[in-house]
Amino acid sequence: MKKGVLEMCVLHLLAGGPMYGYELMKTVQEAFPDVYDGSVYAVLRRLHTDGCAETFFGETSGGPTRKYYRLTDAGRKRLSEALEEWRSLVAAVRHLKVPV
C-alpha cells in the first residue's frame, strides 16, 4: 500500500511543475523520513518507463546539468485515478470509524 501512496505523492508533486530527482526525493523524505532514496528513484524510473513522466536536462547556475521530471498526459490521468482510489480508501476507513 505504501508503494501506491508514494507513487501518488510523486505524481502530485510533479503536477505542480517539473522537479529534479534530488529535489523531489528530499521533499518526499520530509513527509516520509523512512523512505529510502532508491525508492523514490525507482518510482521515477517506473513512471518514466510507463510514459507517465518525461525527462529533460536543465541548466543550473554554476553546477552540473540536472535531470528534471515532468508529468505527461498519461501521468495526469494516473494521478487522477490514484486520487480517486485514495478518496475511496479514506472514505472506507472513515466508515469503519478506524481511529486515525
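Using the rule -39500 (n - 2.57) for each DSSP H run of four or more residues, divided by the residues of the chain, the 222 nm mean residue ellipticity is -20000 deg cm²/dmol. Working from Cα positions, state the angle (0 to 90°, nearest 10) between the long axis of helix 2-15 and the longest principal axis of the chain. Roughly 50 degrees between the two axes. Could you grab the relative contact order for region 1-70? Cα pairs under 8 Å, six or more apart, rounded to a whole percent. Relative contact order here is 35 percent. Within the listed set Val43, Val28, Val90, the residue fluctuating most in the Gaussian network model of the chain (springs between alpha-carbon atoms under 10 angstrom) is Val90.
Using DSSP to define loop residues, name the chymotrypsin sites (Phe, Trp or Tyr not before Pro) in the chain whose beta-carbon has at most 13 other beta-carbon atoms within 10 Å.
Sites meeting the loop and neighbour criteria: Tyr36.
The phi torsions of region 62-73, fed into the Karplus equation with coefficients 6.51, -1.76 and 1.60 and a -60° offset, translate into couplings of x, x, x, 5, 10, 8, 9, 10, 9, 6, 9, 4 Hz, rounded to whole numbers, with Gly and Pro shown as x.
Loop-located trypsin sites (Lys or Arg not before Pro) in the chain (DSSP state other than H, G, I, E, B) with a sparse environment of at most 16 neighbouring Cβ atoms within 10 Å: Lys97. Between Gly62, Gly16, Gly75, the Gaussian network model of the chain with springs among Cα atoms under 10 angstrom shows the greatest mean-square fluctuation at Gly62.
If you line up the long axis of helix 21-31 against the longest principal axis of the chain, both from Cα atoms, how many degrees apart are they, to the nearest 10? Computed tilt is about 30 degrees. Using the Karplus relation 6.51 cos²θ - 1.76 cosθ + 1.60 with θ = phi - 60°, the per-residue 3J(HN,Hα) values for region 79-92 come to 4, 4, 5, 5, 5, 4, 5, 4, 4, 5, 5, 4, 4, 5 Hz, with x marking Gly and Pro. The angle between the Cα long axis of helix 37-49 and the main principal axis of the chain comes to about 80°, on a 0 to 90 degree scale.
Other residues lying with their Cβ under 14 Å from the Cβ of Leu14 contribute a combined charge of +2, Lys and Arg counting +1, Asp and Glu -1. Annotation: the chain has a Kirkwood hydrodynamic radius of 14.5 angstrom, from the mean reciprocal C-alpha pair distance.
Each value in this text was obtained by applying a stated rule to the coordinates, not by laboratory testing. Note that the structure is predicted; figures quoted are calculated from it, not measured. Neighbour counts run over all protein chains shown; Cβ positions are idealised from the backbone, glycine included.
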